[in-house]
Amino acid sequence: MSYQNKLLSRLSADDRDRFAPLMQKIELEEKQILLEPRQVIDYVYFPETSICSMLAATEKKPAIEVGMFGYEGMSNFVTRPGDRSYLRTTVLLPGEAWRISAAPFAEALSVLPTLNESVLRFKDALAIQFAYTSFANGSFSIEQRLARWLLMMQDRARRDVFTLVHDTMAGLLAVRRSGITNATHVLEGEGAIRTTRGSITIRDRDRLIALAGESYGSAEYAYSMLFPTDQRATGK
């Protein structure tokens, strides 16, 4: 069996044969909540065509996106049954994913070496993404941050058109809706994107990369170094 998910595709043939029967193919729906903070992790997800958002969330403050993963990665890491999530994970782009229960996943980590290696490498990649998301939020303009976010979406969706509304982007980037509206006008005026009601089309990726500046590329380059045979765009 072949996988679109990059981590699953890196498994050795033997490890893949042992891991595949433990998984279930499912459809993830837009805005579906997979995990809440402090919740015991019941399942681990490996997206194929879906994209998920990881958010820092409290009871009194609006949530903010700290990470994103799609076919290049996976959801929360479980090293033993009963482990908890401390982030909210929601579905940003609906689509297919593989799901495995926490207990057999934890067991598989201890006996399947290529699974363990891929998971540890992605854990490093995600930590680097978290770091550069924090850097982008504190050091770059809304226009640059939006350009970075759209590039990250394009990397994982592998297409140029997304169904997105300003309210969603504003919430994830923790800015006012008017700020997103102004930022999309700037990016559109530069010829990088085209907006219509409820959707955004990336017209010129190179221009969007230039507009994102140094907010985009470092985490993507780190991923390419951690997974050197992977062919996804690095932004470099």
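On a 0 to 90° scale, report how tilted helix 177-189 is relative to the longest principal axis of the chain, with both axes built from alpha carbons and the result rounded to the nearest 10.
80 degrees
Give me the net charge for the shell around Leu164: Cβ to Cβ below 12 angstrom, other residues only, Lys and Arg +1, Asp and Glu -1. Numbers along the way, then the final one.
Values: positive: Arg197; negative: Glu30, Asp167.
Once positives and negatives cancel, what remains is -1.
Report the full-extension gain for the segment Asp124 to Asn137: residue separation times 0.36 nm, less the Cα-Cα distance, to one decimal in nm. Each step should come with its number before you reach the end.
Details: separation 13, 0.36 × 13 = 4.68 nm, distance 2.01 nm.
Fully extending the segment from Asp124 to Asn137 adds 2.7 nm.
Give me the dipole magnitude in Debye, nearest 20, for the chain about the Cα centre, with unit charges on the beta carbon: positive for Lys and Arg, negative for Asp and Glu.
That gives a dipole near 380 debye.
Would you work out the relative contact order for the chain, in percent, from Cα pairs under 8 angstrom that are 6 or more residues apart? Each step should come with its number before you reach the end.
Details: 421 pairs, mean separation 47.3, N = 236.
Averaging sequence separation for qualifying contacts and normalising by length gives 20 percent for the chain.
Tilt of helix 102-111 relative to the longest C-alpha principal axis of the chain, in degrees (0 to 90, nearest 10)?
Roughly 70 degrees between the two axes.
If you take every residue apart from Phe140 with its C-beta less than 14 Å away from the C-beta of Phe140, what net charge results, scoring Lys and Arg +1 and Asp and Glu -1?
Once all neighbours under 14 Å are counted, the net charge is 0.
For the chain, find the longest principal axis of its Cα atoms and tell me its angle to the long axis of helix 142-157, 0 to 90°, nearest 10.
On a 0 to 90 degree scale, this one is about 40.
Got a sec? Which residues in the stretch 29-53 would a label at Thr163 touch, if it sits 7 Å along Cα→Cβ and we count backbone N under 13 Å?
In the stretch 29-53, the label zone of Thr163 (backbone N under 13 Å from the point 7 Å along Cα→Cβ) covers 29-32.
No value in this document is a laboratory result; all are computed from the given coordinates. Since this is a predicted model, take the numbers as computed values, not measurements. When we count neighbours, we look across all protein chains shown, and the Cβ atoms used for this are built from the backbone with ideal geometry, even at glycine.
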